[in-house]
Amino acid sequence: MTYISVFLVSVLVVELCSHLPFVSLISQLSSMLQKVSRVVSSKSISDHWKEKVLLRYSWCMVLITIKIAVVIGGIGVFVLVLAGLFDWVLSPPMSTIDVLSSSIGMGVATLASIFYFFVRVRIVSS
């Protein structure tokens, strides 16, 4: 029964992640890093202007990184609440969080997530 809870938590986390702005946040960060690289390697930009531009870019990267951390923290809270809810409703012999914290539980959750992701991609793209 606990492994069914682990499977359900994994499926719901994959579903949640598919609706979160991970890809756009990562692409924003990547774009910002490319801009930094161009500015630093440019010979035509003076050091004075490089300092000003890099300060602005660094603040943008900090804000994007904070957004990513908030999203990941939100996923963690979602997992904790969902596991607690399953434990409360199903009353399994072992807590779902205990199983998810074990190496076997992490493996089951990873395999379940990968399996569900590929099934979801096949169904959505059809």
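The values are calculated or read from the model by the stated rules, or taken from the named source; none is laboratory data. Since we're looking at a predicted model, the values are computed, not measured. Cβ sites come from the backbone with ideal geometry, for glycine too, and all protein chains shown count toward neighbours.
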Practice task
Return yes or no: is ILE104 assigned to a helix (DSSP H, G or I) and at pLDDT below 90?
Solution key: no
Exercise for the section: May I ask you to verify whether PHE86 is in contact with a helix residue (DSSP H, G or I) (Cβ under 9 Å, 6 or more places away or on another chain), of a type in the set (Phe, Trp, Tyr), surrounded by 12 or more Cβ atoms within 10 Å (Cβ to Cβ) and over 20 Å from SER18 (Cβ atoms)? Expected result: yes
Practice task
Pick out the one residue from LEU25, LEU29, LEU12, LEU54 that is under 13 Å from the mean Cα position of the chain (by Cα) and either β-branched (Val, Ile, Thr) or at pLDDT 90 or above (or both).
Solution key: LEU25
Exercise for the section: Go through LEU111, LEU54, LEU25 for me and flag whichever is among the hydrophobic types (A, V, I, L, M, F, W, C), closer than 30 Å to VAL124 by Cβ and touching a helix residue (DSSP H, G or I) at 6+ places or on another chain (Cβ under 8 Å). Expected result: LEU25
Practice task
Residue by residue through region 82-100, note down the ones that are of a type in the set (Gly, Ala, Ser) and in a helix (DSSP H, G or I).
Solution key: ALA83, GLY84
Completion exercise
Of (1) among the basic types (Lys, Arg); (2) surrounded by fewer than 12 Cβ atoms within 10 Å (Cβ to Cβ); (3) closer than 22 Å to LEU25 by Cβ, ARG122 fails just (3)
Practice task
Could you check, for region 59-81, whether at least one of its residues is charged (D, E, K, R), loosely packed, with under 14 Cβ neighbours inside 10 Å and either at negative phi or assigned to a helix (DSSP H, G or I) (or both)?
Solution key: no
Problem - Of residues in region 1-45 being without any contact (Cβ under 8 Å) to a residue 40 or more places away in the chain and of a type in the set (Gly, Ala, Ser), the one nearest to LEU100 (Cα to Cα) - result: SER24
